[in-house]
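The values are calculated or read from the model by the stated rules, or taken from the named source; none is laboratory data. The structure displayed is predicted, hence computed values, not measured ones. Here Cβ is always computed from backbone atoms with ideal geometry, including for glycine, and neighbour counts include all displayed protein chains.
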Amino acid sequence: MSHTETSGLSPRSYGRLYPMRLDSPKKIGGIEIRNRFIRSATAERLFDREGFPDDGLGEFYCRLAKGGAGAIITGHAFVEPEGRASPKQLAIFKDDFIPPLKKITEEVHSYGARIFIQLSHAGRQTKSKYTGGTPIAPSAVREMTLDVLPREAEEEEIYRIIDGFKKAALRAMEAGFDGVQLHAAHGYLLNQFISPHTNRRTDKWGGSTENRICILVEIVKSIKKDSGDSFVVLMKLNMDDFIDGGLRLEESALIAGQLQKAGIDAIVCCLLNRVIISNSNIKN
Ligand SMILES: Cc1cc2nc3c(=O)[nH]c(=O)nc-3n(C[C@H](O)[C@H](O)[C@H](O)COP(=O)(O)O)c2cc1C
């Protein structure tokens, strides 16, 4: 219904039609958020070259919390060195990152806001100078914007990555985060597994919808098993590749349902995807 169609309604009828108030609390998983204002994950570049946050990051998040944000989602943090996307990026691949992150979560919580860390692996969407070797991906499909030909991940590497996400989530829990957001959008590794364009595998990690989301299901289950119910697991999910042979909206809706069954507490649906940009000039 458009604004013009509803503008003749009394506030009471309008409230009945649209009962949600942006300033009302909302429960996600086992926790309550004080309102509906959630700061979307945004890489701030307030980090050093290793991936440690500088003082500016905590100060920035505190300003958001003081300003009334219900929750903050950090920019993407890489879960293992091979998954680094850029030279200045937040990291969470070893325990050394816990103390500075804990300082940030304590400060943000003191202003009444929740905070989630976004966990990510770049897959093919990075450069070997950042990862220390040829970037890996579900399949060796060239990334056109960076002109990177990744190599196909071995099965044992897939298990290592699943473990990397789980360990990163447990570090996040120790650092006081209310939960994590798994980055399965914007053309990064988890998105690459879901999309039939970037995932051409013929083993248990590729092919059917169930196989392409297998890595995600394994990650979610392993985090939930070790973190308990009150630790929230969110997901940012790309919904459509806008190319033939790519991920389409209808399949994404099914995927969202299956991920909910696996234990995901909430999904951010996203349509921004570098798969589209990076393949605009190729026919494969
Ligand atoms: C500077 C900048 C950095 C961003 N960094 C991230 C990021 O680290 N992780 C992420 O999922 N999205 C990132 N985004 C995307 C935003 O979270 C958001 O999805 C995007 O701006 C589109 O907004 P919408 O999702 O509300 O449509 C970034 C956006 C900008 C402008």
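Considering only residues that are in a loop (DSSP other than H, G, I, E, B), touching a strand residue (DSSP E or B) at 6+ places or on another chain (Cβ under 8 Å) and of a type outside the set (D, E, K, R), which ones fall in region 122-138? Show your work before the answer.
Step one: list which residues in region 122-138 are in a loop (DSSP other than H, G, I, E, B), which gives 122-127, 132-135, 138.
Going one step further and asking which of them are touching a strand residue (DSSP E or B) at 6+ places or on another chain (Cβ under 8 Å), we end up with 122-127, 134-135, 138.
Result: 122, 123, 125, 126, 134, 135, 138.
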| request: Would you be able to say whether some residue in region 81-94 is out of contact with any Cys (no Cβ under 8 Å at 6 or more places or on another chain), in contact (Cβ under 8 Å) with a residue 40 or more places away in the chain, among the basic types (Lys, Arg) and within 16 Å of the ligand (Cβ to nearest atom)? | output: yes
| query | Do you know which residues across region 199-250 are surrounded by fewer than 19 Cβ atoms within 10 Å (Cβ to Cβ) and within 16 Å of the ligand (Cβ to nearest atom)? | reply | 242, 249
| field | Selection from region 78-121 of residues that are in contact with a strand residue (DSSP E or B) (Cβ under 9 Å, 6 or more places away or on another chain), aromatic (Phe, Trp, Tyr) and over 30 Å from residue 134 (Cβ atoms) | value | 116
| helices (runs of 4 or more DSSP H) lying entirely in region 179-271 (those with 1 or more residues that are within 19 Å of the chain's Cα centre (by Cα) and under 27 Å from residue 36 (Cα atoms)) | 189-194, 214-227, 249-262
| field | Long-range neighbours under 7 Å by Cβ, at least six apart or interchain, first residue more than 16 Å from residue 116 (Cβ to Cβ) within region 250-270, second modelled with pLDDT under 95 and of a type in the set (D, E, K, R) | value | 252/240
| note | Pairing a residue in region 163-187 that is at pLDDT below 95 with any residue that is part of a strand (DSSP E or B) and away from the ligand (no atom under 15 Å from the Cβ), where Cβ atoms lie under 8 Å and the two sit 6 or more apart in sequence or on different chains, gives 187/143
| task | Please enumerate the residues belonging to region 189-237 that are farther than 22 Å from residue 170 by Cβ, touching a strand residue (DSSP E or B) at 6+ places or on another chain (Cβ under 9 Å) and among the charged types (D, E, K, R). | result | 200, 201
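Just name the residue that is nearest to residue 71 (Cα to Cα) out of those in region 2-47 that are among the small types (Gly, Ala, Ser) and modelled with pLDDT of 85 or more. Reasoning before the result, please.
Keep residues of region 2-47 that are among the small types (Gly, Ala, Ser), which gives 2, 7-8, 10, 13, 15, 24, 29-30, 40-41, 43.
With the extra rule that they be modelled with pLDDT of 85 or more, the set shrinks to 24, 29-30, 40-41, 43.
Values: 24: 13, 29: 14, 30: 14, 40: 9, 41: 11, 43: 16 Å.
Selected residue: 40.
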| said: List the residue pairs whose Cβ atoms are under 9 Å apart, where the first residue sits in region 33-62 and is of a type in the set (S, T, N, Q), the second is within 16 Å of the ligand (Cβ to nearest atom) and assigned to a loop (DSSP other than H, G, I, E, B), and the two are 6 or more positions apart or on different chains. | reply: 35/22; 35/69; 35/70
| query | Can you name every residue in region 80-128 that is of a type in the set (Ser, Thr, Tyr) and within 19 Å of the chain's Cα centre (by Cα)? | reply | 86, 105, 120, 126
| said: Being more than 16 Å from the ligand (Cβ to nearest atom), of a type outside the set (D, E, K, R) and closer than 23 Å to residue 62 by Cβ is the filter here; which residues of region 105-138 pass it? | reply: 105, 108, 109, 110, 111, 112, 113
| task | Determine which single condition residue 60 fails, assuming it passes every other condition in (1) within 17 Å of residue 170 (Cα to Cα); (2) over 19 Å from the mean Cα position of the chain (by Cα); (3) within 16 Å of the ligand (Cβ to nearest atom). | result | (1)
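Residue check: is residue 65 modelled with pLDDT of 95 or more, assigned to a loop (DSSP other than H, G, I, E, B) and under 22 Å from the mean Cα position of the chain (by Cα)?
Working: modelled with pLDDT of 95 or more: yes; assigned to a loop (DSSP other than H, G, I, E, B): no; under 22 Å from the mean Cα position of the chain (by Cα): yes.
The answer is no for residue 65.
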